[in-house]
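As structure tokens, the structure follows; a few thoughts come after it.
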Amino acid sequence: MKTFEKLLLENKAWAQDKVTADPNFFERLADVQKPDVLWIGCSDSRVPSEIIVNAEPGEMFVHRNIANQLIMTDFNSLSVLQYAVDVLKVSHVIVCGHYNCGGIRAALKKQNPSLLMVNKWLKHIKDVYRLHHQELESLSSEDDRVHRLVELNVIEQIYNLAHTSIIQAAWKREQRPTLHGWVYGLNDGIIKELINLPPGSEINPIYQYTEESA
Ligand code: CO
């Protein structure tokens, strides 16, 4: 059986299981989604967002890209953020990175001439490396540098979130959402919290909005 055929068959079995356990499962979900969480994660197939936190359909609004980044010129992630915060009114935004991330590992190497788009996306990780150059270069092995850059990248994405007008306005208006920076271990399946920014957290003044625009 081909991979995609297996997926379609598994889908039928899954939908049947859901209805057997709860006959109104899909009817209830079809009308409205009211997730309380926005999840920003890596596209890596080994870090499937809902599965690793045992979340059901309807629980999380999800955005995934290479190395779980929120980039200020990326309409994709920013529109997901705006919809989750301003329309769905989520209380929590989670950025979940993972150890041994291929995107992070690649960003510590020279650029690949055959992956021009990926290079541009990973350029932002190289900037995080440059920001923390001293700490990272003090580490003796490449694995240690990847490990630490995975963590620093998650923390930087939390600051990127806090620097958006979307988050600052929601903090001021409705005292939500809380921003969580997490990292997932491929070896043990366990998530560790790295940073937690509650509404109203201190933001460097150069990233704050003036009264008129906030
Ligand atoms: Co990854």
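The values are calculated or read from the model by the stated rules, or taken from the named source; none is laboratory data. All values derive from a computational prediction rather than experimental measurement. Cβ coordinates were reconstructed from backbone atoms using ideal geometry, including for glycine residues, and neighbour counts include every protein chain displayed.
So here's what we get for this one:
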| read-out | value |
| --- | --- |
| Flag for M60 being of a type outside the set (D, E), loosely packed, with under 11 Cβ neighbours inside 10 Å, within 30 Å of R105 (Cβ to Cβ) and in contact with a helix residue (DSSP H, G or I) (Cβ under 9 Å, 6 or more places away or on another chain) | no |
| Among residues of the range 93-118, those that are among the polar types (S, T, N, Q) and under 24 Å from P48 (Cα atoms), counted | 1 |
| Residues located in the range 96-117, provided they are within 12 Å of the ligand (Cβ to nearest atom) and either assigned to a loop (DSSP other than H, G, I, E, B) or not charged (D, E, K, R) (or both) | C96, G97, H98, Y99, N100, C101, G102, G103, I104, A106, A107 |
| Cross-chain or 6+ apart pairs with Cβ under 6 Å, the range 153-173 first and over 23 Å from A106 (Cα atoms) and touching a residue at least 12 places away in the same chain (Cβ under 8 Å), then surrounded by fewer than 22 Cβ atoms within 10 Å (Cβ to Cβ) and of a type in the set (G, A, S) | Q168/A214; A169/A214; W171/G200 |
| Enumeration of residues in the range 4-46 that are among the β-branched types (V, I, T) and under 27 Å from the mean Cα position of the chain (by Cα) | V32, V37, I40 |
| Test: V47 is surrounded by 16 or more Cβ atoms within 10 Å (Cβ to Cβ), hydrophobic (A, V, I, L, M, F, W, C) and either over 25 Å from G200 (Cβ atoms) or touching a Cys at 6+ places or on another chain (Cβ under 7 Å) (or both) | yes |
| Residue within the range 119-128 that is crowded, with 19+ Cβ neighbours inside 10 Å, over 15 Å from I155 (Cβ atoms) and more than 16 Å from the ligand (Cβ to nearest atom) present | no |
| Only listed residue being assigned by TED's automatic domain parsing to the domain that holds P48, under 27 Å from P48 (Cα atoms), at pLDDT 95 or above and not aliphatic (A, V, I, L, M), chosen from Q134, Q157, Q168, Q175 | Q157 |
| Any hit, the range 89-101, residues being polar (S, T, N, Q) and over 12 Å from D36 (Cα atoms) | yes |
| Unmet requirement for M1, which otherwise passes all of (1) modelled with pLDDT of 95 or more; (2) loosely packed, with under 10 Cβ neighbours inside 10 Å; (3) of a type in the set (A, V, I, L, M, F, W, C) | (1) |
| Test: N160 is among the polar types (S, T, N, Q) and either touching a helix residue (DSSP H, G or I) at 6+ places or on another chain (Cβ under 7 Å) or surrounded by fewer than 17 Cβ atoms within 10 Å (Cβ to Cβ) (or both) | no |
| Residue, farthest from the ligand (Cβ to nearest atom), within the range 24-71, restricted to residues that are within 22 Å of E156 (Cβ to Cβ) and among the hydroxyl-bearing types (S, T, Y) | S49 |
